[in-house]
Amino acid sequence: MSLIVTLIGAAAVLLGLAYIGQSRLIFFPQPLWGEPRLSEQMEEIRHTSADGTRLHGWLVKARASRAPLLIYYGGNAEEVSWMLAAAARFPGWSLLLMNYRGYGLSEGKPGEAALLSDALELYDAAAARPDVDPRRIALMGRSLGSGVAVHVAVQRPVRGVVLVSPYDSLAALARRHYPFLPAASLLRHRFDSLALAPRVSAPLTCIVAARDAIIPVEHSRRLYEAWAGPRRWHEIAGAGHNDLSERPEYWEAIARFLQELAPEAAQ
């Protein structure tokens, strides 16, 4: 009997630790290494959220006086300043890069509710800018950020959505990677994109890595199949989760999609 009690106690401790420590398994905040060199087209953005948390990022402005805007949501271990150099790949489009809470120079601690609330606030602030065309705002979410992008696409009008290595839900991924735990019951950060996808009518371009071991292709495919709007699937052979952006066809697919959304912007 004492052995059974010991095993039950050990299991309870394990579950408790998994519940308490799950944020550390989901979010990996990264610092800002060095100071990015800003051009005249780049503006440093500081936003104070509704709860007083100060967020930091950048806006790379297109030359048009009222340009289409691409808002980028990064992965769970991604500080987004590296994307400043990628702005030239999207001619005619402005690019908004904001670090999540706890990432880069943004304050606070990341969590699902906070990230989703911040994303809506930042969308609204961007749409109100005189140099942004609110009718031509597109979203791009990579990995963890795909869940943020899907949430915003349900809540706000968007011209199109790019999802890179998206997932159906964190609960589904947790069940896959931690089959020995009751993952669905323990999760506080659920990012259930699959439940939201049937409500999004905006066009979708979905880019996945054929050898992705972190978010296997079938999890991306479930979300893709549930999408209500027009959709396009790009599966890059030989690529993994972390080297997908090293492939030329990755950037080509995004640029082609944005050109289709706003063909006059690149002229």
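When we screen Ala126, Ala153, Ala149, Ala138 for residues that are of a type outside the set (S, T, N, Q), surrounded by 24 or more Cβ atoms within 10 Å (Cβ to Cβ), in contact with a strand residue (DSSP E or B) (Cβ under 6 Å, 6 or more places away or on another chain) and farther than 19 Å from His189 by Cα, the only hit is Ala138. Filtered by the rule that a residue be over 19 Å from Ala262 (Cα atoms) and in a loop (DSSP other than H, G, I, E, B), segment 81-101 gives Asn99, Tyr100, Arg101.
The rows are residues; the columns are (1) among the aliphatic types (A, V, I, L, M); (2) within 13 Å of Leu95 (Cβ to Cβ); (3) modelled with pLDDT of 95 or more.
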{"site": "His47", "(1), (2), (3)": "no, no, yes"}
{"site": "Ala50", "(1), (2), (3)": "yes, no, yes"}
{"site": "Arg54", "(1), (2), (3)": "no, no, yes"}
{"site": "Ser65", "(1), (2), (3)": "no, no, no"}
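Within segment 108-119, identify whether any single residue is under 17 Å from the mean Cα position of the chain (by Cα) and closer than 20 Å to Phe257 by Cβ, and answer yes or no. Give the steps one after another, and end with the answer.
Filtering segment 108-119 for residues under 17 Å from the mean Cα position of the chain (by Cα) gives 109-119.
From the residues that got through so far, the ones that are closer than 20 Å to Phe257 by Cβ too are none.
Taking every residue of segment 108-119 in turn, none turns out to be under 17 Å from the mean Cα position of the chain (by Cα) and closer than 20 Å to Phe257 by Cβ.
Looking for something closer than 26 Å to Glu260 by Cα and in contact with a Leu (Cβ under 9 Å, 6 or more places away or on another chain) - is there at least one such residue anywhere in segment 180-194?
Initial filter on segment 180-194 (closer than 26 Å to Glu260 by Cα): 193-194.
From what's left, in contact with a Leu (Cβ under 9 Å, 6 or more places away or on another chain): 193-194.
Scanning segment 180-194, I find at least one residue that is closer than 26 Å to Glu260 by Cα and in contact with a Leu (Cβ under 9 Å, 6 or more places away or on another chain), so the answer is yes.
Quick check on segment 82-95: of everything there that is closer than 23 Å to Glu35 by Cβ and touching a strand residue (DSSP E or B) at 6+ places or on another chain (Cβ under 7 Å), which residue is surrounded by the fewest Cβ atoms within 10 Å (Cβ to Cβ)? Going through the qualifying residues, I end up with Leu84. With respect to (1) outside any loop (DSSP other than H, G, I, E, B); (2) touching a residue at least 40 places away in the same chain (Cβ under 8 Å); (3) among the acidic types (Asp, Glu), the lone exception for Glu225 is condition (2).
Looking at segment 206-214, can you tell me whether even one residue there is farther than 16 Å from Val162 by Cα and β-branched (Val, Ile, Thr)?
To start, the set of residues in segment 206-214 that are farther than 16 Å from Val162 by Cα comprises 210-214.
Right, trim to β-branched (Val, Ile, Thr) and you get 214.
Checking segment 206-214: at least one residue is farther than 16 Å from Val162 by Cα and β-branched (Val, Ile, Thr).
Quick check: is even one residue across segment 229-247 part of a helix (DSSP H, G or I) and crowded, with 16+ Cβ neighbours inside 10 Å? Yes, segment 229-247 contains a residue that is part of a helix (DSSP H, G or I) and crowded, with 16+ Cβ neighbours inside 10 Å. Of all residues in segment 204-222, those being assigned to a strand (DSSP E or B) and either touching a residue at least 60 places away in the same chain (Cβ under 8 Å) or loosely packed, with under 15 Cβ neighbours inside 10 Å (or both) number 0. Pairs linking a residue in segment 245-267 that is farther than 17 Å from Gly92 by Cβ to a residue that is aromatic (Phe, Trp, Tyr) and at pLDDT 95 or above, with Cβ atoms under 8 Å and 6 or more positions apart or on different chains, are Ser245/Trp251.
On the stretch given as segment 34-80, residues that are more than 19 Å from the chain's Cα centre (by Cα), aliphatic (A, V, I, L, M) and not in a loop (DSSP other than H, G, I, E, B) total 2.
Considering only residues in segment 47-63 that are surrounded by fewer than 17 Cβ atoms within 10 Å (Cβ to Cβ) and small (Gly, Ala, Ser), the one that is nearest to Pro31 (Cα to Cα) turns out to be Gly52.
Evaluation of Ala172 against the conditions (1) touching a helix residue (DSSP H, G or I) at 6+ places or on another chain (Cβ under 7 Å); (2) farther than 25 Å from Pro29 by Cα shows that the sole unmet condition is (2).
The values are calculated or read from the model by the stated rules, or taken from the named source; none is laboratory data. Given the structure is predicted, the values throughout are model-derived calculations rather than measurements. Positions of Cβ are generated from backbone atoms using ideal geometry, with glycine treated the same way; all protein chains shown enter the neighbour counts.
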